[in-house]
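Peer 1: Here it is: the structure, laid out below.
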Amino acid sequence: MSFTSLGLSAAILKAVTQKGYETPSAIQAQAIPAVLEGKDVMAAAQTGTGKTAGFTLPLLERLSQGRRAGAKQVRALVLTPTRELAAQVGESVETYGKHLPIKSAIVFGGVGITPQITKLAKGVDILVATPGRLLDLYNQKAMHFDQLEVLVLDEADRMLDMGFIHDIKKVLALLPKQRQNLMFSATFSDDIRRLAKGLVNNPVEISVTPRNATANTVKQWICPVDKGQKAAVLVKLIKQDDWQQVLVFSRTKHGANRLAKNLEAKGITAAAIHGNKSQNARTKALADFKSGDVRVLVATDIAARGLDIDQLPQVVNFDLPNVPEDYVHRIGRTGRAGANGQAVSLVSDEEIKQLRDIERLIQQHLPRKEIEGYVPAHSLPETQLKKTQQGRRSQNKTRQSRARHSSSQKPSNGSPRSSGNKQGAKAEHKDGQRSGGRSSNSHKPKVSKGINHR
């Protein structure tokens, strides 16, 4: 399949070709036709799969037709949770719409509001906004929504997770009821999915990856380490393995600042990016990181949402996230578009609960590797997933051993076994069914019950 088969105009196809793209990604191939047909869409795809173009391309196509936006009017509204994501989406609109008579604007907090009011005065076809600044502008009568045709919630799960649901409801109350609704996100938890379905009408639901799965192009491993030694281990890994571009996740803003200063003191150029930083400071930090002037970017989850960095090789979880889905978002910064990447998590014994939740979510046991000179004094316990996988391997070996033993005990004359043996074999088979086809080293009921309980 090529972009030419998706129903996009020559002007948009020209812009896509100039970007060097020929074949749509899975999410684009499914979402673009649905959006062009005017249907509501709820789409889940991992970060880095091209989901932004999955809605910007058909949105531009639809808005290229029909009457232009009047003064202070908006034809399509794209809501994003962070300034960085708003800037990224706005850039995508500009890039793919450069051969079209489409006007767009980006508005978010942290910068002066007057230039934004001026930009909106003549009306825009596409407005990309964060919820708070959008409501501020509306309250100042800088815009109207009488001509609104499409609402897009980008990174919808994060928007709701961050507590924007009240702002979203306020925005929805301002919009015409007759509109197209599009929800794009990396993942949808069950709670978020239930809530999101109340915001769209009979949506086409698209999912191109297993829910909450991690990309197989990312090598994931854990470094068990005491909490107080994490910074020293990170420094050693960066210098020892000559990491030139590393995105590090910190759970808190204060922790991000402290770690960036610590790295700078060790001769490693670093910058922190989080919600307390001014927009100019955040923009500069990201630009310096992309250009290579800064080697390490330390970010919080909220600030990192929407970061688009080509060929990012390393992601480090300095702290494990409290929400396991955030782990998927974090490591989705690397291993994009088929490239290889590495995600390392520095985990102390205090974070065993978070680790268990993450492994349960992604259904993977993450391999562990201790760093010489930094073996933790407080060992990191094994997770239940590791124990389960070890138990399965042991049970498979037991099953194979029994099969060999059973084969060697067959009567040489071909006579049937006694009825007692038949009953024993039948009982063993039933136990195997109850335990998912797994055997154990004992036929005692309590062992089988334990497996069932898991």
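The values are calculated or read from the model by the stated rules, or taken from the named source; none is laboratory data. Note that the structure is predicted; figures quoted are calculated from it, not measured. Quick reminder, even Gly has a Cβ in these numbers, built from the backbone with ideal geometry, and neighbours come from all protein chains shown. Accessible surface areas use protein heavy atoms only, side chains included; no ligands, DNA or RNA. Shrake-Rupley method; radii C 1.70, N 1.55, O 1.52, S 1.80 Å.
Peer 1: Hey, what do the phi angles of segment 169-184 turn into as Karplus ³J(HN,Hα) couplings, whole Hz, using 6.51/-1.76/1.60 and θ = phi - 60°, x for Gly and Pro?
Peer 2: 5, 5, 5, 4, 5, 8, 8, x, 5, 8, 7, 8, 10, 10, 10, 10
Peer 1: Given the C-alpha centroids of segment 234-268 and segment 107-133, what is the distance between them in whole angstrom?
Peer 2: Each part's Cα centre sits 35 Å from the other's.
Peer 1: Something else about it: Highest mean first, what order results for 281-287, 80-86, 125-131 on Cβ atoms within 10 Å?
Peer 2: On the way: 281-287: 18.1, 80-86: 24.3, 125-131: 25.9.
Peptide ranking by packing, descending: 125-131, 80-86, 281-287.
Peer 1: Could you list which residues have their amide H under 5 Å from that of Gly123, counting only those 5 or more apart in sequence or on another chain, with H placed in the peptide plane?
Peer 2: Those lying under 5 Å, H to H, from Gly123 are Lys72, Gln73.
Peer 1: So, R0 is 30 Å and r is the distance between the beta-carbons of Thr95 and Leu172; what FRET efficiency does that work out to, to 0.05?
Peer 2: Calculated value: 0.55.
Peer 1: Got a sec to turn the phi values of segment 199-205 into Karplus ³J(HN,Hα) couplings, 6.51 cos²θ - 1.76 cosθ + 1.60 with θ = phi - 60°, whole Hz, x for Gly and Pro?
Peer 2: 9, 10, 10, 6, x, 7, 9
Peer 1: Here's something else I'd like to know. Can you compute 3J(HN,Hα) from phi for each residue in segment 73-81, using the Karplus curve 6.51 cos²θ - 1.76 cosθ + 1.60 with θ = phi - 60°, rounded to whole Hz and x for Gly and Pro?
Peer 2: Whole-Hz 3J(HN,Hα) from phi for segment 73-81: 9, 10, 8, 9, 10, 10, 9, 10, x.
Peer 1: If you don't mind, there's one more thing I want to ask. Run the simple label-point estimate for His378 and Glu37 please: 7 Å along Cα→C-beta, distance reported in nm.
Peer 2: According to this spin-label approximation, the distance is 5.5 nm.
Peer 1: Could you list which residues have their amide H under 5 Å from that of Leu199, counting only those 5 or more apart in sequence or on another chain, with H placed in the peptide plane?
Peer 2: Residues meeting the criterion, in which the H sits 1.01 Å from N, do not exist here.
Peer 1: Just tell me which aspartates and glutamates come within less than 13 Å, Cα to Cα, of Lys236; anything on the same chain fewer than 8 places away is out.
Peer 2: Output for Lys236: Glu370, Glu372.
Peer 1: Let me ask something else. Quick check: at a probe of 1.4 Å, how many percent of the accessible area of segment 252-370 sits on carbon and sulfur atoms?
Peer 2: Of the solvent-accessible surface of segment 252-370, carbon and sulfur hold 47 percent.
Peer 1: Can you give me the long-range amide H partners of Ser207? Hydrogens built in the peptide plane at 1.01 Å from N, cutoff under 5 Å, separation of 5 or more residues or another chain.
Peer 2: Ala44
Peer 1: When the gyration tensor of segment 271-380 is built from Cα positions, what are the square roots of 5 times its three eigenvalues, in whole Å, from largest to smallest?
Peer 2: Details: eigenvalues 135, 50, 45 Å².
They are 26, 16, 15 Å, listed largest first.
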